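Have a look at the structure below before the remarks.
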Amino acid sequence: MSEPSLEVFHGQTTGNRIATYIAATRPPFITASVLPVIAGLGLAWGMQGTLNFYLAALTILNIIFIHSGANVLNDYFDARNGSDAANTDRIFPFSGGSRFIQNGVLTEEQTFRFGFSLIMLGAVLGVAMTVITGPVILIIGLTGGLLAIFYSAPPCLACRGLGDIVIAVCFGVLPVVGTVFIQNGSIANEAIWLGAVIGCFVSAILWVNSIPDIEADKKAAKNTLPVRLGKKIAVYGLAVWFMLGFGILLVSPLPVSSYISLLAIVPAVRAAKALLNGQLMPAIPMTLVTHTAVCLLLAVGCAI
């Protein structure tokens, strides 16, 4: 896949401008937030034998707006701190940002306005869902939204080595807990455990994508945990996240049928071995496959 360019995203027609802004959200990676919601819906179905599909659709739409906005704002703040511009070791589209700013397709101002607008759309939907389900969902949504913004916005939690935990909470624990609450009106213990499992695999995606960014992040004083550890040690982190995720699953109170997700050990092993051998490809896409497999298998396992 080639980086965005003015030849492709010329903005001379309405359709092209719409396509430009959609592409700037990095759509292929929105699955990292949608899949945990689907897993949460599977758990809610297993707990009560039914779903409110209207609320399920609103939940998915809400997480898409929030995640898209966070992606776009991340590009803005990484452009401001210089880490994306300095990233000559990037593996597009997995690391180094969307490149819409660096390649002159969108300005920093356009990017900021677009990202902020998406977050606001998510906030409006969140308020609407609060009216339907109660104030707890507002607290969950507000927490997730703020963490997603300040992941890269000053004080930049990622720059302080907290990015992996923030991502595990934002795209693991909170969406699963929130989804189950919206469906059955309670904070379920099983939802917290399920979110923790999925959070480990979301953080694994961030971790492996951060490896080629280490030198650029270091120059920009974006001191992520991989930067602090250094590449020689950081390559072991992917396997640690995988083992932690599967370990939490095995000690959790989730139904035994959820163990079907252990089948995802196959792509997890392939991804970890590839990274240890210095092969970022296929380590990065195989990590994405692992996360997808875990979420979908957990959804099925919890539903039955």
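Observations
- In the distance distribution for the stretch 157-304, Cα-Cα pairs more than 26 Å apart total 26 percent.
- Dividing the mean sequence gap of close Cα pairs (under 8 Å, 6+ apart) by how many residues the chain holds gives a relative contact order of 22 percent.
- Span from the the stretch 68-107 Cα centroid across to the the stretch 224-262 one, whole angstrom: 27
- Solvent-accessible area, 1.4 Å probe, carbon plus sulfur percent, for the stretch 163-232: 61
- Principal axis extents of the C-alpha atoms in the stretch 1-107 (largest first, rounded to whole Å): 50, 33, 24.
- Within the accessible area of the stretch 35-102 (1.4 Å probe), percent carbon and sulfur: 59
- Residues in the chain average 43 Å² of solvent-accessible surface per residue, probe 1.4 Å, ligands and nucleic acids excluded.
The values are calculated or read from the model by the stated rules, or taken from the named source; none is laboratory data. Treat the numbers as computed from the prediction; the structure is a model and nothing was measured. When the accessible area is computed, the model is the full protein with side chains, heavy atoms only, and any ligands, DNA or RNA have been set aside. Shrake-Rupley method; radii C 1.70, N 1.55, O 1.52, S 1.80 Å.
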